[in-house]
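*Asks:* Next up is a structure, given as structure tokens.
The values are calculated or read from the model by the stated rules, or taken from the named source; none is laboratory data. Everything numeric here is computed off the predicted structure, so don't read it as measured data. Glycine gets a Cβ as well: all are built from the backbone with ideal geometry, and neighbour counts include every protein chain shown. These area figures cover heavy atoms from the full protein model, side chains too; ligands, DNA and RNA do not enter into them. Shrake-Rupley method; radii C 1.70, N 1.55, O 1.52, S 1.80 Å.
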Amino acid sequence: MASNQPLPADAVRVHVAIRGAVQGVGFRPFVYRLAQELGLRGWVNNSAAGVFVEAEGPAHIVRAFVRRLEDDKPDIAIIQSLETTFLDATGYAGFEIRESTGGEKRALVMPDLATCPACIAEIFNPKDRRHRYPFTNCTNCGPRFSIITALPYDRAATTMRGFAMCEQCAGEYKNPADRRFHAQPNACPDCGPQLTLWNSDGIEIARLHPALTAAASAICDGKIAAVKGLGGFHLMVDARNHQAVQELRARKRREEKPFALMAPSFEQALHYCSASDVERRLLRSPECPIVLLPRLAGATGLATAVAPGNPTLGVMLPGTPLHHLLLRELGFPVVATSGNLAEEPICIDEHEAVERLRGIADVFLVHDRPIFRHVDDSVVREVCGRELVLRRARGFAPLPIQVGGELAPVLAVGGHQKNAIAAAVGAQVFISQHIGDLETEGSHQAFQSVIGAFQKLYDFAPKTIACDLHPDYLSTQYAEKRGLPLVKVQHHHAHILSCMAENHLQPPVLGIAWDGSGMGTDGTVWGGELLHVTSAGFGRVAHVRPFLLPGNAKAVREPRRVALAILYEIFGDQAFSLDVPAVRAFSAAELGPLQTMLRQRLNTPTTSSAGRLFDAFASLLGLRQIAAFEGQAAMELEFALAGTKEDNSYPYIIRSEGDTLWLDWEPAVRAVLAEPAAHPGIASARFHNTLVEMAVDVAKRIGERNVVLSGGCFQNRYLTERMVSRLLASGYRPYWHQRVPPNDGGVALGQIMAAQLPGESRKD
Ligand SMILES: [Zn+2]
Ligand SMILES: [Zn+2]
Ligand SMILES: [Zn+2]
């Protein structure tokens, strides 16, 4: 349907999928009136899978529309999940209510949902029979994905099967007028799961509400509590108590990586952070994610060890009645971090928790409702005025990504870090919950069990497996053993295809895939790639000028090694005597072997990684020489920007080498060395701006209108926003991620899409 009036220049279209008690409650007329009032065009319909809305118009009005869908909804409508995907405007003529469609009724498993306001009111009402009951839930909230063992979804197919409903609960369950009609995990203090508190040896020391108050006193006393939540254990300490937070860091062997905060209430969260409209909506959404928020200048009261040197804080609100009760009892924010050691999967079973978290937790607040599958906290941040999911887990998994068109049944096993798997079923891609880095035996087991559970849940038999090109990834090795036709997908191609799928984009596009590392088709380590993606595959049109990684994995942990390698590229042996922070960070005894390593290229692979280039600049600017966790140096380079307004960039060269272009960083490095006293924030901004200018320069040479941004570097808000605005200003149409992570958590979706192409390398 074409419109008579031209679309405004900043027109966007939003596709919204709303699930919950939104059918038969006047929701469609409400959407219609709201769209009319705001002058938006599009449609609303009802289907078996929920209410779907498309609305287009000026970007700021479309955003206001999304906000008001939740804020102004009819009182009796309950929104369990509201997913938005921003797409290009198509030119609708007006707004209409469309015919209801049958839609795909395919086993839609809902994610776990944060406690609804009606249930919260009950647990804090002394007259209610569920007063202080930590397992209160209803049709609109509570556990789903984490307790479902099979489909169809009914109580016998959940971990609630062992709890027989009492007469009153059964009455609610059978009454169509009740909020708990067919609420499968329905329970009350008489018939449902119960709390207990264990000491560090797993011996019971309190039961029921006294277990909760005793856990709260332990936290008040500076102790570490392991708390069994919705999708796994959290470790909790008083976020105001510096010593307690330090103790948690020491015991968990997590030196500097920021901890997330759980605040008792929305209002309390705002004591420490500011939040935009989008961020406020995310914080209070049923997905209940960790939202990265800017810290308020001058806010006091939190231990510095919570997120040292970090101008943002990861904040979440209580998502279950247990957390509401505990946080209300405490009245102050706690650190809430995954109950695991380093990168292992989160603990889900209390007996296992006592074994694995021995020596970390002082008390264990546990219960007898089993968790069937682990689901971590999701992490989101606002980028370009909308949400960007960085870790896709609770609240999001396993809602499908609609890609349009039937897909061949493919299982994609993802990458190595931040692993998640995906399955193509019908016209939908189901992406699993975040599994983690496949480094440890535990995470490898979790990876296999998630695949098994996914196939069983969706009764899914893949005909093809898609994996990464890298032969050493455990995910690749698993795929090779399955004995099915195999499609090996180049890592950065998968990143771009993932972002294209999410944005419903067809080739050709220019893809900018910037991350830490991925194996290239030439056997070197890629990571600063500009790919021309067509329906036939991709061409590598440009990349970051290659440099060496002395010591390989060690270079990933030590930004100073990468900086030294870059200086060596420019200055040769003179690099070792330069008086700059990166070189001064080594002792003379360390420099000798490095010189040999670089000269003879021993254990020194070549890379074009943008992520490592960020590390190198963090080191050159004296911000970080040795990283305590993956991505720390790049994060600190982004942090250094806080409050800086700098529009300039460093000089650069786009150099033609063979049939590709090099983004040459040499002039930028020389400029940094020439200004040793420059403000690190200004230098950091110039570095970011330079990378953006180089990419825009290449975009102009390629001339493809649609430019797609993916890879872990685009978790960086400044980089993404600057790239988007510079591309727009130059006449290009940039696309970036929304509900699928730009990091390797999104790679499986791209692998699914690659396996649908005829040209991808195939091995039977
Ligand atoms: Zn509820
Ligand atoms: Zn009951
Ligand atoms: Zn990657």
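*Asks:* Sort 300-308, 357-365 by packing, meaning the average of other beta carbons within 10 Å per residue, with the highest value first.
*Replies:* Ranked by mean Cβ neighbours within 10 Å, highest first: 357-365, 300-308.
*Asks:* For the chain, with the dipole built from +1 on Lys and Arg beta-carbon atoms and -1 on Asp and Glu ones, taken about the Cα centre, which of Val707, Gly611, Val425 lies farthest toward the positive end?
*Replies:* Val425
*Asks:* If you don't mind, another one. Could you give the nm distance between label points at Ala553 and Asp154, where each point is 7 Å from its Cα heading toward the beta carbon?
*Replies:* Label at Ala553, label at Asp154, 5.1 nm between them.
*Asks:* What span do the alpha-carbon atoms of segment 44-197 cover on each of the three principal axes, reported in whole Å from largest to smallest?
*Replies:* 56, 34, 31
*Asks:* If one puts a single equal scatterer on every Cα of segment 110-229 and applies the Debye formula without solvent, what log₁₀ I(q)/I(0) results at q = 0.10 Å⁻¹?
*Replies:* For segment 110-229, the Cα-only Debye profile gives -0.35.
*Asks:* Within segment 132-154, list the residues whose amide N lies under 16 Å from a label point set 7 Å along Cα→Cβ of Lys174.
*Replies:* Under cut-off, by backbone N: nothing.
*Asks:* Given the convex hull of the Cα atoms of segment 389-522, what is a quarter of its surface area in nm²?
*Replies:* The orientation-averaged projected area of the Cα hull of segment 389-522 comes to 8.5 nm².
*Asks:* Excluding same-chain residues fewer than 8 positions from Lys463, which lysines have a Cα within less than 30 Å of its Cα?
*Replies:* Output for Lys463: Lys105, Lys418, Lys481, Lys488, Lys763.
*Asks:* Hey, another quick one. Would you please give the residues with an amide H less than 5 Å from that of Val12, counting only those at least 5 places away or on a separate chain, with H modeled from the backbone geometry?
*Replies:* It is Gly57, Ala59, by chain and number.
*Asks:* Top to bottom by accessible area (1.4 Å), largest first, where do Tyr568, Tyr652 land?
*Replies:* If we order Tyr568, Tyr652 from most to least accessible, we get Tyr652, Tyr568.
*Asks:* Helix 242-252 sits at what angle to the longest principal axis of the chain, using alpha carbons and giving 0 to 90 degrees rounded to 10?
*Replies:* Roughly 80 degrees, rounded to the nearest 10.
*Asks:* Enter the angle in degrees (range 0 to 90, nearest 10) between the Cα long axis of helix 559-571 and the first principal axis of the Cα atoms of the chain, meaning the one along which they spread out most.
*Replies:* 20
*Asks:* By its C-alpha gyration tensor, with a ≥ b ≥ c as the square roots of the eigenvalues, how is segment 181-320 shaped: rounded for a/c under 1.5, else prolate for a/b larger than b/c, else oblate?
*Replies:* oblate
*Asks:* Using the Cα centre as the reference, give the magnitude of the dipole from point charges on the C-beta atoms of the chain (Lys, Arg: +1; Asp, Glu: -1; all else neutral), rounded to the nearest 20 debye.
*Replies:* Roughly 580 debye for the chain.
*Asks:* Give me the Å³ per residue figure for the convex hull around the C-alpha atoms of the chain.
*Replies:* Enclosed volume per residue, from the Cα hull, is 159 Å³.
*Asks:* Now, a different point. Taking a probe of 1.4 Å, how large is the accessible area per residue of the chain, in Å²?
*Replies:* 36
*Asks:* Say the dipole of segment 162-261 comes from +1 at the beta carbon of Lys and Arg and -1 at that of Asp and Glu; which of Gly171, Cys188, Val237 then lies farthest toward its positive end?
*Replies:* Sorting the options by dipole projection puts first Val237.
*Asks:* Could you sort Ile79, Ile653 by accessible area so the largest value comes first, with the probe set to 1.4 Å?
*Replies:* Ile653, Ile79
*Asks:* Count the net charge of all other residues whose Cβ sits under 11 Å from the Cβ of Gly192, scoring Lys and Arg as +1 and Asp and Glu as -1.
*Replies:* Value of the local net charge: 0.
*Asks:* Rounded to the nearest 10 Å², what accessible area does Arg369 have for a 1.4 Å probe in the complete protein model?
*Replies:* Estimated to the nearest 10 Å², Arg369 gives 20 Å².
*Asks:* A further question follows. Expressed as a whole number of Å, what is the distance separating the alpha-carbon centroids of segment 33-63 and segment 465-503?
*Replies:* If you average the Cα positions of each part, the centres end up 36 Å apart.
*Asks:* Mind putting a number on the dipole of segment 84-209 about its Cα centre? Charges go on the C-beta only, +1 for Lys and Arg and -1 for Asp and Glu, and I need it in Debye to the nearest 20.
*Replies:* 260
*Asks:* Can I ask one more? Applying 1/(1 + (r/R0)^6) with R0 = 45 Å to the Cβ-Cβ distance of Thr304 and Glu70, what FRET efficiency is obtained, to the nearest 0.05?
*Replies:* Efficiency for this residue pair is about 0.80.
*Asks:* Considering the dipole of segment 20-155 built from charges on the beta carbon (Lys and Arg +1, Asp and Glu -1) around the Cα centre, which of Pro111, Phe30, Phe135 is farthest to its positive end?
*Replies:* Phe135
*Asks:* Now for a different question. Under a cut-off of 29 Å between alpha-carbon atoms, report the lysines in cross-link reach of Lys645, not counting same-chain residues fewer than 8 places apart.
*Replies:* Leaving aside lysines fewer than 8 places away in the same chain, those within reach of Lys645 are Lys257, Lys700.
*Asks:* For segment 552-557, what does the Karplus curve 6.51 cos²θ - 1.76 cosθ + 1.60, with θ = phi - 60°, yield as ³J(HN,Hα) per residue in whole Hz, taken in order and with x for Gly and Pro?
*Replies:* After applying 6.51 cos²θ - 1.76 cosθ + 1.60, I find 6, 4, 5, 5, 6, 7 Hz.
*Asks:* For a Förster distance of 45 Å, can you work out the FRET efficiency between the beta-carbons of Arg251 and Ala678, rounded to the nearest 0.05?
*Replies:* E(calc), rounded to 0.05, equals 0.65.
*Asks:* Just how far, in whole angstrom, is segment 684-732 from segment 373-394 if you go by their alpha carbon centroids?
*Replies:* 23
*Asks:* Also, quick follow-up: Regarding segment 618-764, what is the average projected area of its C-alpha convex hull, in nm²?
*Replies:* 11.6
*Asks:* Starting from the exponent 0.38 and prefactor 2.2 Å, build the expected Rg for segment 667-714 from its residue count and divide its actual Cα Rg by it.
*Replies:* Taking N as the residue count of segment 667-714, the ratio is 1.43.
*Asks:* Can you give me the C-alpha center-to-center distance between segment 257-336 and segment 195-252, rounded to a whole angstrom?
*Replies:* Cα centroid of segment 257-336 versus Cα centroid of segment 195-252: 18 Å apart.
*Asks:* Now, a different point. Relative to the longest principal axis of the C-alpha atoms of the chain, give the angle of the C-alpha long axis of helix 588-600, reported between 0 and 90° and rounded to the nearest 10°.
*Replies:* The answer is roughly 80 degrees.
*Asks:* I'd like to compare 259-268, 150-159: which one has the highest average count of other Cβ atoms within 10 Å, and what's the full order after that?
*Replies:* The peptides rank, most packed first, as 259-268, 150-159.
*Asks:* Ignoring everything except DSSP H segments at least 4 long, calculate the 222 nm mean residue ellipticity for the chain; use -39,500 (n - 2.57) per segment, divide by total residues, nearest 500.
*Replies:* Result for the chain: -9000 deg cm²/dmol, rounded to the nearest 500.
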